[in-house]
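Working notes, beginning with the structure itself.
The values are calculated or read from the model by the stated rules, or taken from the named source; none is laboratory data. Bear in mind the structure is a predicted one, so any value in this text is a computation, not a measurement. Note: ideal-geometry Cβ built from the backbone for every residue, glycine included; neighbour counts use all protein chains shown.
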Amino acid sequence: MLATITQPPFTNFVFVEQNAEYLVALKERLALPSSNSQYFPGDANNLVHEVMSGIDDFDPCLVLIDPFELELDWATVLELAKKPRIDMLINFQVSQIFRAFGLGSHERLNRFFGPNDWKPIERRWKEGVSPEVIRSELFELYKNALEKHELRAIPKLIYTESKNLPLYYLVYAVRFGVGEKVWKDIAKPKISRYHTLDGDEVTIYE
């Protein structure tokens, strides 16, 4: 939502959503001019070539990828990476990878990671290696895969509000230093302090 009102503005918007009802609701809520907005119903993995073929190779492009679970195929990331001036913000669902490990969802993991070998990490997870270590190894695997395609991956770990537990990474995949600088500024911890009625100082990290 914020991307549609930011200044300076984006020139064009493209939305892809598998749930047709959600897409209709999004279109009504945004109420963008038809001259600079497109809406595609369907699986983004199947539509990525069609969508990206309408974008000039030399137009700067920001893609926001927010899968509910592990729906994002590695082949889709590679298709996006063909654009020389693309940045991607990817919701990297570590908690869903752990869940897929537990369920033995190897086909889904193969599609998510592609040829990048996740199986040694799964074995270490089964051996009882700590979630913190496994989480870091999973991100490193994905980061290294992106870097093979000249995309630098910069993470921000997102925690649950209730129990302060790691939930997922926001991964900014960027080719140019300007985008990296902007993301690091956005993603850095926000700190605020206030005093209680008893005079105690409380620090909040957002």
Exercise. Could you pull out the residue among L30, L23 that is over 21 Å from A173 (Cβ atoms) and touching a Pro at 6+ places or on another chain (Cβ under 8 Å)?
Key: L23
Quiz prompt | region 110-124, residues that are touching a residue at least 24 places away in the same chain (Cβ under 8 Å), under 14 Å from L141 (Cα atoms) and in a helix (DSSP H, G or I) | solution = F112, F113
Quiz item: E107 passes all but one of (1) farther than 30 Å from V24 by Cβ; (2) surrounded by 15 or more Cβ atoms within 10 Å (Cβ to Cβ); (3) of a type in the set (D, E); which number fails?
Solution: (2)
Quiz prompt | Test result for G102, modelled with pLDDT under 95 and either more than 20 Å from the chain's Cα centre (by Cα) or not charged (D, E, K, R) (or both) | solution = no
Exercise. Report whether or not R135 is basic (K, R), surrounded by 10 or more Cβ atoms within 10 Å (Cβ to Cβ) and at pLDDT 95 or above.
Key: no
Practice problem: Filter region 138-154 down to the residues that are surrounded by 14 or more Cβ atoms within 10 Å (Cβ to Cβ), closer than 18 Å to I86 by Cβ and not basic (K, R), then identify the one that is modelled with the lowest pLDDT. | Solution: I154
Quiz prompt | Cβ pairs under 7 Å, 6+ apart, first in region 23-39 and closer than 21 Å to V63 by Cβ, second in a helix (DSSP H, G or I) | solution = L30/T4; L32/T4; Y39/L23; Y39/K27
Exercise. State whether one or more residues within region 160-167 are surrounded by 13 or more Cβ atoms within 10 Å (Cβ to Cβ) and not aliphatic (A, V, I, L, M).
Key: yes
Quiz item: Within region 38-76, how many residues turn out to be polar (S, T, N, Q) and surrounded by fewer than 16 Cβ atoms within 10 Å (Cβ to Cβ)?
Solution: 3
